[in-house]
Amino acid sequence: QVHLVQSGAEVKKPGASVKVSCKSSGYTFTNYYVHWVRQAPGQGLEWMGWINPHDNGAASAHTFQGRVTLTRDTSIDTAYMELNRLTADDTAVYFCARGRAAVSLPIATVPLGDWGQGTLVTVSS
Amino acid sequence: DLQMTQSPSSLSASVGDKVTITCRASQDISHNLAWFQQRPGEVPSLLIYGASTLQSGVPSRFSGGGFGTDFTLTISRLQSEDVATYYCLKFDGAPWTFGQGTKVEIK
C-alpha cells in the first residue's frame, strides 16, 4: 500500500526558507517521479515541480524557478521541497504526490495517483 | 506558457442530474489530461487520466472525453458525495498545469 507522509506544519517569517519532507513507502521510491503541488487558502491547485528520484533530475514551474529546490535522499525514500525568500503569498498547503514511472515498468502508471496529507506553511511577520 | 481553462467555474445541480465540465488547453496536449476531485477539507483524488481512462475504484458515473485541446468530465447522475471542486491537469513533460477548478454543489 502506497503511503506518502509529509512533515508537520511550519510558521516562517517573510524572507525565510522552508523545507518540507515527503517520506514514501509501499513501493520502490526510485521508480516513480515525486511531484509537489500547493494550494493557497481558498484557492486552486498549483503545480510546483517534479523530481526524478532515479537520476535526481528535476523540473519546476516558471513561477518558482530560482526559488524552489527539489531534492531526494534515496537511503530513506524521502523527497524534499525547499522554498526560499518566502512572502505572505507563499502561505499554502504543500502536497507531495507520486507521479508516473521514472523507469521502464511492465505496468501502466498514473499521474498523481497517491498524495501526501499536506503540510501547511504559514508565512507571517 | 500553456493555459488550462475550465468552465464553468461553479455549478449547482440536482441529485440525479447529468453534469458536464469542460477544460480547454491553449495548445494541443494530445491525451495528456487528467481530472481530479477535491472534496472540502480533503486531499485531491485522481478520477481520470489519459483523458478518458477511469482510475481504479472510481465510480462508473464519472467519464472523460476529448483530445487535443478540448476535454470534458461528465458525471452521469450526480450524487450528494460528488460535492467537490474538480480540476483538470495537463501532465507529462514540464510544466504540468492545473485548470482553475470547477466547484460543484447540490441544488
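Read the figures in this text as sums done on the coordinates, not as results from a lab. For clarity, every value in this text was computed on a predicted model and none was experimentally measured. Here the Cβ positions follow ideal geometry from the backbone for every residue, glycine too, while neighbour counts run over all protein chains shown.
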Would you order A:F95, B:F67 from fewest to most other beta-carbon atoms within 10 Å of each residue's own beta-carbon? B:F67, A:F95
Output needed for the range A:1-77: three equivalent-ellipsoid semi-axes, defined as square roots of 5 times the C-alpha gyration tensor eigenvalues, in descending order, whole Å. 22, 15, 13
What is the average number of partner chain Cβ atoms found within 10 Å of a Cβ in A:39-51? 4
Say we join alpha carbon atoms closer than 10 Å with springs in a Gaussian network model of chain B; which of B:A13, B:A25, B:A94 then has the biggest fluctuation? B:A94
With springs only between Cα atoms under 10 Å apart, run a GNM on chain A and tell me which of A:L105, A:L86, A:L70 wobbles the most. A:L105
For B:D28, net neighbour charge (Lys/Arg +1, Asp/Glu -1) across residues whose Cβ lies under 12 Å away: +1
Arrange the following residues from fewest to most other Cβ atoms within 10 Å of their Cβ: B:S9, B:S80. B:S80, B:S9
Cα-based Rg of the protein assembly as shown per 2.2 N^0.38 Å, rounded to two decimals? 1.00
Order by neighbour count: B:M4, A:M81, fewest other Cβ atoms within 10 Å first, most last. B:M4, A:M81
Net charge near A:F95, counting Lys/Arg +1 and Asp/Glu -1 over other residues with Cβ under 13 Å of its Cβ? -1
Name the residue farthest towards the positive end of the dipole of chain A from the options A:G118, A:T30, A:V2, assuming +1 on Cβ of Lys and Arg, -1 on Cβ of Asp and Glu, about the Cα centre. A:G118
Using the Kirkwood radius over Cα pairs, work out the Stokes-Einstein diffusion coefficient for the range B:13-107 at 37 °C and 0.692 mPa s, in µm²/s as a whole number. 246
Find the relative contact order for the range A:1-121 and round it to a whole percent, using C-alpha pairs within less than 8 Å whose residues are 6+ positions apart. 35
Rounded to the nearest 5, the percent of antiparallel DSSP beta bridges in the protein assembly as shown equals 90
Antiparallel as a % of all DSSP beta bridges within chain A, to the nearest 5? 95
